[in-house]
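Working notes for the structure below.
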Amino acid sequence: MRKEEIEHLSWLARIELTEEEKEKFEKQLGSILEFFSVLDDADVEDVEPTHHVIGITNVFRDDEVEESLPQEAVLRNAPKREDGYFKGPRIL
Amino acid sequence: MKERFSGYELVESIRGGEVSSEELVLELLERIERSDLNCYITVCGDAALEAARRADRAVRENDRKALRKRLLGVPVAVKDCISTKGIQTTCASKILCGYVPPFDATVVRALKDEGAVILGKTNMDEFCMGSTTETSYFGPTRNPHDKSRVPGGSSGGSAAAVAAGETVLALGTDTGGSIRCPAAFCGVVGLKPTYGLVSRYGLIAYANSLEQIGPITQSVLDAALLLDVIAVEDPKDATQVKGVRRSFFEELRTLAASWEKEGVAKLKLRVGVPREFVEGVDTGVEKAFWAAVERLKELGADVGEISFRSMRFALAAYYVIAMSEASSNLARYDGLRYGLRLEKDEDWHTTFSKIRGKGFGEEVKRRIILGTFALSAGYYGRYYLKALKVRTLVRHDFDEAFKRFDVLATPTMPFVAFKLGERIKDPLSLYLADVNTVPINLAGVPSISVPCGLSDGLPVGLQLIGRHFDEATLLKAALAFEMAWKD
């Protein structure tokens, strides 16, 4: 995997990497991808993918209002907050 | 005070007033304090003592309702990826340091409802990503059998704590072997339940289509008892399967009592050994494994061989799926609602990118980036979709095997516990350690690791695998083996 690819992927994943990490990952990710390439040999043309091993789909429940956590409990862990809101960085 | 307590006997002793839960908890807290194994990230001394006193009071006052609680006064350690109300829950990550959940995971609620005493939160690989507990932000846990070696992972703190007598029972989680691997390396019992048996509500997700919470204990009976307690039906987990059998302990205990008197009865059990799971295993481990299989034969098991053709692809498929799910699940860590936040904010994307760069450890970054790659346009079909299809092949191999056999037996790990630092620098070599445990998670079947002797003085685990939701047969086979092995 090339350094530019790693930079692109780490940006997609929103993870800033140090130069040292980029160099290390260049080698390591390449050998892991090589290991994954064994999947190219799997003959699965007509095989259905498995999403849930037991095969559960569409689990519904009644749309009933239940008690939820109080606002203070929800906000307690927020590093930055203001007037009962989570405070994020500026968008523009 | 006794060095070790078995959980199911301890409940009786506490109920009968012969053992004080408070004294026991004090003793365990002292052991934890003195220990250099680093099993715990957080110890909840005061809350544990309060719960223990409550149990003792219930006994003194002959409180009928409390006396029926199945884990009254019994100390339990909980892996740090399981949410505990009011107790810091970090997933062994810097990004979650200081996070205190405002709610309990369903399994934790169930423990409390049954009178258990939560001793603390155990060390683990960061976000369950690892097989050694070395990727923890809080430093590695050490193997109680040899402190220069890893305890296995990712539930290494839980397994080491049980093995070292720093708790009576423990909860771990298993995405690709994270209960069974440390159980094998530390010489204790670890059970991964069928996918969908135990609620995952409040379990901080790594790869949600693969993982289950399960017991790590000193004995099969304790594992059954703890499983019974945590396997409650829960509307909050939509992937959980409702209406299946969820109680195993009582029957097993009756069986154990009669076997203790008359010896283990002949098993009417067909046991399959999948060839590919024994190939490439270290000589000492293989020797211990075949000796264990001999013991199963002596117990009356009808043993045969079988081939798993999907085995060649299983490990790669597992890692593609786990990393893909991780890249999506871990997108939530942005420092907005909880967790690490940097002093200075920049623009929206740069802020998050910096927080995640500083908050995640190296292995977590590696997996998120590879998962992002496997899901990205142009590669989705080659990696992720392909892996999901291989998953179907693996399920098919298990379906075929269970037409001929009731239980499958393999070595849990291909080798015994290795030295701290020995493999951590080469991630791929670590992934290869999971070769025998991951197919079980891909198929969602239940599996247990029980100790089966030593190789080079270190514990070896026997892995038994059962049909979906047939924990009853699996636990019975494990119990029979355990009792025969100890004789």
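Consider B:ALA472 carefully, then state whether it is assigned to a helix (DSSP H, G or I), under 30 Å from B:SER258 (Cβ atoms) and open to solvent by 10 Å² or more (accessible area, probe 1.4 Å).
For B:ALA472, the condition - assigned to a helix (DSSP H, G or I), under 30 Å from B:SER258 (Cβ atoms) and open to solvent by 10 Å² or more (accessible area, probe 1.4 Å) - is met.
For region B:340-363, give me each residue that is touching a residue at least 40 places away in the same chain (Cβ under 8 Å) and open to solvent by 50 Å² or more (accessible area, probe 1.4 Å).
Within region B:340-363, B:LYS358, B:GLU362 qualify.
Within region B:311-339, how many residues turn out to be assigned to a loop (DSSP other than H, G, I, E, B), open to solvent by 10 Å² or more (accessible area, probe 1.4 Å) and of a type outside the set (Phe, Trp, Tyr)?
Looking only at that region, the number is 4.
What about A:GLU5, is it open to solvent by less than 90 Å² (accessible area, probe 1.4 Å) and more than 7 Å from chain B (Cβ to nearest Cβ)?
Taking the combined requirement at face value, the residue satisfies it.
For region B:107-120, indicate whether the set of residues that are within 28 Å of B:SER20 (Cβ to Cβ) and within 14 Å of chain A (Cβ to nearest Cβ) is non-empty.
no
Only residues that are outside any loop (DSSP other than H, G, I, E, B) and within 22 Å of the chain's Cα centre (by Cα): list them for region B:49-92, please.
Scanning region B:49-92 gives B:PRO75, B:VAL76, B:ALA77, B:VAL78, B:LYS79, B:ILE82, B:THR84, B:ILE87.
Looking only at residues that are of a type in the set (A, V, I, L, M, F, W, C) and in a loop (DSSP other than H, G, I, E, B) in region B:367-413, which one is nearest to B:GLY176 (Cα to Cα)?
B:MET413
Identify, please: which residue in region B:390-429 is more than 27 Å from B:LEU454 (Cβ to Cβ) and open to solvent by 40 Å² or more (accessible area, probe 1.4 Å) and is, among those, farthest from the other protein chains (Cβ to nearest Cβ)?
Taking the candidates together, the pick is B:ARG404.
Just need a number here: residues in region B:293-334 that are within 22 Å of the chain's Cα centre (by Cα), closer than 23 Å to B:PHE277 by Cβ and more than 11 Å from every other protein chain (Cβ to nearest Cβ).
Result for region B:293-334: 1.
Against the conditions (1) open to solvent by 50 Å² or more (accessible area, probe 1.4 Å); (2) within 11 Å of chain A (Cβ to nearest Cβ); (3) of a type in the set (Lys, Arg), where does B:ARG367 fall short? Just the number, please.
(1)
Restricting the search to region B:340-359, which residues are at the interface with chain A (Cβ under 7 Å from one of its Cβ atoms) and of a type in the set (Val, Ile, Thr)?
B:THR351
Of all residues in region A:52-75, how many are open to solvent by 90 Å² or more (accessible area, probe 1.4 Å) and at the interface with another protein chain (Cβ under 7 Å from one of its Cβ atoms)?
1
Take the residues in region B:365-386 that are of a type in the set (D, E, K, R) and more than 26 Å from the chain's Cα centre (by Cα); name whichever of them is farthest from B:SER353 (Cα to Cα).
Looking at residues that are of a type in the set (D, E, K, R) and more than 26 Å from the chain's Cα centre (by Cα), I get B:LYS386.
Among B:ARG4, B:ARG54, B:ARG70, which is the only one that is among the charged types (D, E, K, R) and touching an Asp or Glu at 6+ places or on another chain (Cβ under 7 Å)?
It is B:ARG70.
Please pick out the residue among B:PRO75, B:PRO101 that is within 14 Å of chain A (Cβ to nearest Cβ) and buried (at least 18 other Cβ atoms within 10 Å of the Cβ).
Result: B:PRO101 is the single residue among B:PRO75, B:PRO101 that is within 14 Å of chain A (Cβ to nearest Cβ) and buried (at least 18 other Cβ atoms within 10 Å of the Cβ).
Given B:GLU276, B:GLU298, B:GLU262, which one is out of contact with any Lys or Arg (no Cβ under 6 Å at 6 or more places or on another chain), farther than 27 Å from B:LEU210 by Cα and modelled with pLDDT of 95 or more?
B:GLU298
How many residues does region B:99-117 hold that are within 26 Å of B:LEU330 (Cβ to Cβ) and either part of a strand (DSSP E or B) or among the hydrophobic types (A, V, I, L, M, F, W, C) (or both)?
5
Residue check: is B:ARG337 at the interface with chain A (Cβ under 7 Å from one of its Cβ atoms), touching a Phe, Trp or Tyr at 6+ places or on another chain (Cβ under 7 Å) and touching a residue at least 40 places away in the same chain (Cβ under 8 Å)?
In short, no.
List the number of the failed condition for B:ASN436; all other conditions in (1) more than 14 Å from every other protein chain (Cβ to nearest Cβ); (2) closer than 12 Å to B:GLY177 by Cβ; (3) in contact with a Gly (Cβ under 6 Å, 6 or more places away or on another chain) hold.
The single condition B:ASN436 does not satisfy is (3).
Could you count how many residues in region A:11-30 are surrounded by 14 or more Cβ atoms within 10 Å (Cβ to Cβ), free of Cβ contacts under 8 Å to residues at least 12 places away in the same chain and within 13 Å of B:ARG366 (Cβ to Cβ)?
6
List pairs: first residue in region A:45-56 and within 13 Å of B:HIS396 (Cβ to Cβ), second residue at pLDDT 90 or above and in a loop (DSSP other than H, G, I, E, B) anywhere in the structure, Cβ distance under 6 angstrom, at least six positions apart or on different chains.
A:VAL53/B:TYR195; A:VAL53/B:GLY444
Let me confirm something: among B:GLU346, B:GLU251, which residue is acidic (Asp, Glu) and closer than 30 Å to A:PRO89 by Cα?
After ruling out the rest, the residue left standing is B:GLU346.
Looking at B:LEU10, B:LEU37, which one is of a type in the set (A, V, I, L, M, F, W, C), on the phi < 0 side of the Ramachandran plot and part of a loop (DSSP other than H, G, I, E, B)?
B:LEU37
Checking A:LEU75 against (1) modelled with pLDDT of 95 or more; (2) within 30 Å of B:VAL394 (Cα to Cα); (3) not charged (D, E, K, R), which single condition isn't satisfied?
Among (1) modelled with pLDDT of 95 or more; (2) within 30 Å of B:VAL394 (Cα to Cα); (3) not charged (D, E, K, R), A:LEU75 violates only (2).
The values are calculated or read from the model by the stated rules, or taken from the named source; none is laboratory data. This is a predicted model, so every value here is computed, not measured. Glycine gets a Cβ as well: all are built from the backbone with ideal geometry, and neighbour counts include every protein chain shown. Accessible surface areas use protein heavy atoms only, side chains included; no ligands, DNA or RNA. Shrake-Rupley method; radii C 1.70, N 1.55, O 1.52, S 1.80 Å.
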